[in-house]
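Contents: one structure, followed by commentary.
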Amino acid sequence: MTISDIKNAKIKAWIEEIEKLCTPDALHICDGTKEEYDTLMKKCVDSGLATPLKKKPNSFLFRSLPSDVARVEARTFIASRKEEDAGPTNHWIDPVELKKTMTKLYTGCMKGRTMYVIPYSMGPVGSPISKNGIEITDSEYVVCNMIIMTRVGKKVLDAIGPDGDFVPCLHSVGKPLAEGESDHGIWPCADMENKYISQFPEEHTIWSYGSGYGGNALLGKKCFALRIATVLARDEGWLAEHMLILKLTNPKGEVKYVTGAFPSACGKTNLAMLIPKIPGWKVETIGDDIAWMKFGSDGRLYAINPEAGFFGVAPGTSEKSNKNALEAARENAIFTNCALTEDGDIWWEGIGYPAKGDLIDWKGIKRPALPKDKSPKGEEFAHPNARFTAPANQCPCIAPEWEDPKGVPISAFLFGGRRPSTVPLVHQARDWNHGVFLGSIVGSEVTAAVISDQVGQVRRDPFAMLPFCGYNMGDYFQHWINIGKKSTADKLPKIFYVNWFRKDDDGNFMWPGYGDNSRVLAWIFDRCDGKDNAVDTAIGYMPKPGAINTEGLSEQDKANIPAITSVDKEGWLKEIKDIRENHYPKFGKHLPKELADQLDILENNLKNM
Ligand code: SAT
Ligand code: MN
């Protein structure tokens, strides 16, 4: 395609404006075809940025710089006109000031590079729930990832039409090249203080500069499908959430769709692709990271997966933990910051087998293989946030309806995080507002998915949206309360809080997780049918003794069940104190009264226990 194929005057003018600002050597309008993907990948291989993998057809390994390995929350900004509208959990900069700073950075920033224009759709093209974006980038890595992760090409320009809406997304790695200079195989990016991941919520616009990694650079994902989409969802009455979507079928062949919000690197991909340990049950995948949900005319919430691929955490992914993800990435995949084996395959910690021969680690250094598939902290062969990018339609358990433009009707929402104590295996909210309360208090240990000195510490991550809400989080809570008023209890999803990560005093996990989480999903499925399998407790409904199927579970795991399915009164009272003193006060007058009331109810219930 050339610029003359673009009939939409707004798009054309924007491309010309950015071209003038960034002064690339060439302009390329992406059509998303295989030929285009192959040509750009070849360019990456020729320049030394990508290594073709002999053992995985049409798959490539990239190594980033150690300073550009994950999202950078401290450099992520919500530039609303008023600081209050960004709220207490976001980094705010005045949009006029930010644009001035970034315009300076963008000036001439694509010198020596090609400027790519990627027309893409989040969601099936033409679905009433889908939205269109256009990303301009100077990174071939970004284009190739976007071709896997979204729907790219002329069909999107056609869907936008001559005067339709789109979200403009500007990205540069922030590393202009001098005359005759090349990257020499070194990942291009800018220094930390010059990285900016900026959202302008009033203009529905994204400007990203200086990072080439994941959510910082693939702007359809966190920047659009979450930060900007939360703003659109608030204004238009729907939900844009950091949630997997799965299809659950019981032994009778009955189906329910479930979504689940968990912070980054807490097992969303594994849960979405789970292989049940209990006979007769089946899990299929609709999405593994983001759900967009709108009310249907029947009053139920229908969800689509706005993405077309998986950008999954590689370490820990094995035949045992997630065979389906490995299968999805068997070919036509991109691997970032994994280790390379002598025979041309990828390897990572927790892949399930020790590597043979010498390896090249994610920093490009040759290392002798280890006898096990674990490494000491800080010396990993694959970076802990190493990723695979794989087309969703290559996943063996992808649900046939995963691209249904109507979406799928949701029966249950799960919230969860990594909580070594207090929070039980599963409990159910009594009603919608109680469920919103549970979402608002989610906490989790910080993972390697973000560059932070808090890794390993528990932080509050409401709705697993802490880094992804494009406006004041207190108003976002209110939006959730309001959504509950738009339908009736029988039609709204039931809300559950799960915790696969309880630990004993010696630091051992008390629940096997992975495929065994199907035991909890089965209980939830039956709850949605109103089955009498629960007891009413101070914190909500919990499984009746014996209601969790334990067939085939080890004796040790069975013995742990009473401890992880009971109410830890002291732990919850501490939790309440922390919410009351440190969490809720942050939101000031933006905190919905309904949530303050829920906190009082919980405290009373516990004191009367
Ligand atoms: O934001 S990323 O896409 O890099 C990964 C994540 O944090 O979920
Ligand atoms: Mn995510």
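The values are calculated or read from the model by the stated rules, or taken from the named source; none is laboratory data. The structure displayed is predicted, hence computed values, not measured ones. Cβ: placed from backbone, ideal geometry, glycine included. Neighbour counts: every protein chain shown.
Output yes when any residue across segment 226-235 is touching a residue at least 24 places away in the same chain (Cβ under 8 Å), within 13 Å of ligand 1 (Cβ to nearest atom), crowded, with 24+ Cβ neighbours inside 10 Å and outside the structural domain of E445 (by TED's automatic domain parsing), and no when none is.
Kept after step one, since they are touching a residue at least 24 places away in the same chain (Cβ under 8 Å), are these residues of segment 226-235: 226-234.
Of the ones still in play, those that are also within 13 Å of ligand 1 (Cβ to nearest atom) are 226-227.
Checking the rest, the ones that are also crowded, with 24+ Cβ neighbours inside 10 Å come to 226-227.
In the following step, the residues that additionally are outside the structural domain of E445 (by TED's automatic domain parsing) were identified as 226-227.
Taking every residue of segment 226-235 in turn, at least one turns out to be touching a residue at least 24 places away in the same chain (Cβ under 8 Å), within 13 Å of ligand 1 (Cβ to nearest atom), crowded, with 24+ Cβ neighbours inside 10 Å and outside the structural domain of E445 (by TED's automatic domain parsing).
Anything in segment 241-280 that is polar (S, T, N, Q) and farther than 17 Å from A325 by Cβ? List them, or say none. Please lay out each step first, then the result.
So in segment 241-280, the residues polar (S, T, N, Q) come out as 249-250, 259, 264, 269-270.
Scanning segment 241-280 gives T249, N250, T259.
Taking the listed residues D38, D25, the one that is closer than 21 Å to L177 by Cβ, surrounded by fewer than 18 Cβ atoms within 10 Å (Cβ to Cβ) and among the acidic types (D, E) is D25, with no other qualifying. Does A333 satisfy being in contact with a helix residue (DSSP H, G or I) (Cβ under 6 Å, 6 or more places away or on another chain) and outside the structural domain of N132 (by TED's automatic domain parsing)? Judged against the criteria, A333 is not a match. Within segment 350-372, the only residue that satisfies the criterion of being at pLDDT below 95 and crowded, with 18+ Cβ neighbours inside 10 Å is A355. The single condition among (1) in contact with a Gly (Cβ under 8 Å, 6 or more places away or on another chain); (2) over 30 Å from D85 (Cβ atoms); (3) not acidic (D, E) that H590 does not meet is (2). Yes or no: segment 406-413 includes at least one residue that is of a type in the set (F, W, Y), buried (at least 23 other Cβ atoms within 10 Å of the Cβ) and assigned to a strand (DSSP E or B). Yes, there is a match, as at least one residue in segment 406-413 is of a type in the set (F, W, Y), buried (at least 23 other Cβ atoms within 10 Å of the Cβ) and assigned to a strand (DSSP E or B).
In segment 229-245, of all residues being touching a strand residue (DSSP E or B) at 6+ places or on another chain (Cβ under 6 Å) and more than 15 Å from ligand 2 (Cβ to nearest atom), the one that is farthest from E73 (Cα to Cα) corresponds to W238.
In segment 245-263, the residue that is farthest from G417 (Cα to Cα) out of those that are in contact with a helix residue (DSSP H, G or I) (Cβ under 8 Å, 6 or more places away or on another chain) and within 16 Å of ligand 1 (Cβ to nearest atom) is I245. Just one residue in the set E284, E319 is without any contact (Cβ under 8 Å) to a residue 60 or more places away in the chain and farther than 20 Å from N145 by Cα; that residue is E319.
Please verify whether segment 470-477 includes one or more residues that are within 16 Å of ligand 1 (Cβ to nearest atom) and either aliphatic (A, V, I, L, M) or touching a residue at least 60 places away in the same chain (Cβ under 8 Å) (or both).
First, the residues of segment 470-477 that are within 16 Å of ligand 1 (Cβ to nearest atom): 470.
With either aliphatic (A, V, I, L, M) or touching a residue at least 60 places away in the same chain (Cβ under 8 Å) (or both) added as a condition, the list becomes 470.
The answer is yes; a qualifying residue exists.
Of all residues in segment 60-107, those that are in a helix (DSSP H, G or I) and either among the charged types (D, E, K, R) or touching a helix residue (DSSP H, G or I) at 6+ places or on another chain (Cβ under 8 Å) (or both) total 12.
Kindly evaluate G470 against the criterion of being more than 16 Å from ligand 2 (Cβ to nearest atom) and either closer than 25 Å to P585 by Cβ or not assigned by TED's automatic domain parsing to the domain that holds T565 (or both).
On the way: more than 16 Å from ligand 2 (Cβ to nearest atom): no; either closer than 25 Å to P585 by Cβ or not assigned by TED's automatic domain parsing to the domain that holds T565 (or both): yes.
In short, no.
So that you can scan it fast, the table gives a plain yes or no per residue for (1) buried (at least 24 other Cβ atoms within 10 Å of the Cβ); (2) more than 13 Å from N132 (Cβ to Cβ); (3) not assigned by TED's automatic domain parsing to the domain that holds I29:
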position	(1), (2), (3)
D158	no, no, no
P162	no, yes, no
P168	no, no, no
H171	yes, yes, no
E181	no, yes, no
M192	no, yes, no
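Looking at A50, A70, A74, just one residue is among the hydrophobic types (A, V, I, L, M, F, W, C), at pLDDT 95 or above and more than 16 Å from ligand 1 (Cβ to nearest atom), and that residue is A50.
Results for (1) within 16 Å of ligand 1 (Cβ to nearest atom); (2) over 23 Å from L573 (Cα atoms); (3) out of contact with any Ser or Thr (no Cβ under 8 Å at 6 or more places or on another chain), shown as yes or no for each residue.
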residue: F413; (1), (2), (3): no, yes, no
residue: S421; (1), (2), (3): no, no, yes
residue: L425; (1), (2), (3): no, no, no
residue: D431; (1), (2), (3): no, no, yes
residue: G435; (1), (2), (3): no, no, yes
residue: A448; (1), (2), (3): yes, yes, yes
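Out of the residues in segment 126-148 that are out of contact with any Cys (no Cβ under 9 Å at 6 or more places or on another chain) and farther than 24 Å from L301 by Cα, state the one that is surrounded by the fewest Cβ atoms within 10 Å (Cβ to Cβ). Of everything passing the filter in segment 126-148, I148 is surrounded by the fewest Cβ atoms within 10 Å (Cβ to Cβ).
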